[in-house]
Amino acid sequence: MSEPARSSALAPFQVRNYRFQWPADLLTSWAFEMETLILGWYVLVETGSVLLLTLFASLGYVGTLVAPMFGVVGDRIGHRDLLGMMRATYAVLAAVLMMLALSGHLAPVYVFMVAAVMGIVRPSDLGVRGALVATIMPHGQLVGAISISRTTMDTARIAGALSGAGLFASLGMGPAYVAIVCLYLTATALTLCVVAPKKLTAAGEAAGEALQRSPLRDLKEGVAYCWTTPRMQAALWVAFLANLTAYPLTNGLLPYIAKTIYGTNQTGLGYLSASFAIGSLAGSIVLSLIRDIRVARLMIAATVVWYATLVVFVQMQTVPTAIVCLVVAGFSQSLAMISIAVILMRTSSENFRGRVMGVRMMVIYGLPIGLLAAGSLIDEIGFAATGTIYAAAGLALMLAIVLHWRADLWHVHAPANAR
């Protein structure tokens, strides 16, 4: 790698706040992945039901419906403070499961209860951290900063999945949760080390006036702001579609695929999860090194490749071939999701960033809908047929979105394609 490329790729770390936020996001994402893998396997083994597995996975996204309110709170009190409180909440909930596991009183009902509470807060983490990145970074470094920020989830899914599976298999659930609690506590401390940028006097006065207004009014303004901006609306529809028809096949259903389709154990599940993350990490790194790219066109192309790969993935019958498909799927989804985030952050004004990312998180609610529907369909027609229907429908609807908003997404001079 040439020196200019290396300097460009690492430029966001020249900002002090980013040097604290990036590791905080990394540790949080690592803990997320460990919890997702450990609890998903626990629920599947203890209940033996794919429907309950999809219900458990769906609980993790309950909070997507209230995510815009987190955006309102972030715009009012500051994204750093909100993120610190959220991560302290994760630590408390993880500590509850840790004590139950170590004392031998853990049961699926307790896991579902904690997952439901966690699901109210956790879906907003990605949106709040994205808004904070946009706040602390110069405009010219936003693409690189968001791309590198995305690597926190990708590297965490690799390390978190493999280490979580290893700890769970070798030491049991209690010791694995001791590590998870430590990760959350460290992430909370690092988040609080970020110094919120000082606002200009006019901006401070505007913030003071905002505090006196109704939160519901702020929420309505944020939704209207997204709905009346065509490129924002198009990007949000693509995000909703991906959560409804693509992510269920590689997220919540992976424990079922590993155990039932491939007959493997926790370690095999870790390999499958990590392979998707490896592809995603590669996509994040590649995009952090590329400059002057047409972001909306990249979003379209990457999403099409993602769905095409999923059509192949659901037909695979062996772990090695599935891993290859998951690497490609992870690479393309990374490019698509980063592109969506960049479009939203470039388009929104500073006063609306929290609410815009809150609306972005709200569309994740397509994931629990897709998961629950998939659980029922798999019982009726099998995984391969269900996966094919999901991927084919997603691809067709994606092309419909592109045709409807082609002037805002495909035209070379459209603001979403500005370099």
Could you derive backbone 3J(HN,Hα) for the stretch 273-289 from the dihedral phi with the Karplus parameters 6.51, -1.76 and 1.60 (θ = phi - 60°), listing whole Hz in sequence and x where the residue is Gly or Pro? 5, 5, 5, 4, 5, 4, x, 5, 4, 4, x, 5, 5, 4, 5, 5, 8
At 1.4 Å probe size, with every protein chain present, just tell me what the per residue accessible area of the stretch 227-320 comes to in Å². 34 Å²
If I compute Kirkwood radius over Cα pairs in Å from the structure I just sent, which labelled value in [x] 23.7; [y] 22.7; [z] 21.5 lines up? [z]
Given Cβ charges of +1 for Lys and Arg and -1 for Asp and Glu, the option among Thr260, Tyr18, Gly387 whose Cα lies farthest towards the positive end of the dipole of the chain is Tyr18
Anyone know which of Leu403, Leu83, Leu44 comes out most mobile in the 10 Å Cα GNM of the chain? Leu403
The alpha-carbon center of the stretch 237-292 and that of the stretch 87-132 are separated, in whole Å, by 22 Å
Just Val359, Val319, Val238 to compare: in a GNM of the chain, with alpha carbon springs under 10 Å, which one fluctuates most? Val319
From the phi angles alone, apply the Karplus equation (6.51, -1.76, 1.60; θ = phi - 60°) to the stretch 60-65 and give each ³J(HN,Hα) in whole Hz, x where the residue is Gly or Pro. x, 10, 4, x, 4, 6
Using just the helices of the chain, give the 222 nm mean residue ellipticity in deg cm²/dmol: DSSP H runs with n ≥ 4 each add -39,500 (n - 2.57), and the total is spread over all residues, rounded to 500. -26500 deg cm²/dmol
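Once the Cβ-Cβ distance between Val412 and Ser49 is put in as r, and R0 is 41 Å, what FRET efficiency do you end up with, to the nearest 0.05? Please report the intermediate quantities before stating the final value.
On the way: r = 50 Å, r/R0 = 1.23.
After rounding to 0.05, the efficiency reads 0.25.
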Charge dipole of the stretch 286-368 about the Cα centre (unit charges at C-beta), most positive-ward option of Trp306, Val356, Leu326: Val356
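When the dipole is taken about the Cα centre of the chain, and only Lys, Arg (+1) and Asp, Glu (-1) are charged at their Cβ, what size is it in debye, to the nearest 20? Mind dumping the intermediate values first?
Numbers: 26 positive and 18 negative charges, 199 e Å.
So the magnitude is around 960 debye.
The values are calculated or read from the model by the stated rules, or taken from the named source; none is laboratory data. As the structure is a computational prediction, the values presented were derived from the model and not from experiment. Counting neighbours? That spans all protein chains shown, and the Cβs are built from the backbone with ideal geometry, glycine included. Accessible surface areas use protein heavy atoms only, side chains included; no ligands, DNA or RNA. Shrake-Rupley method; radii C 1.70, N 1.55, O 1.52, S 1.80 Å.
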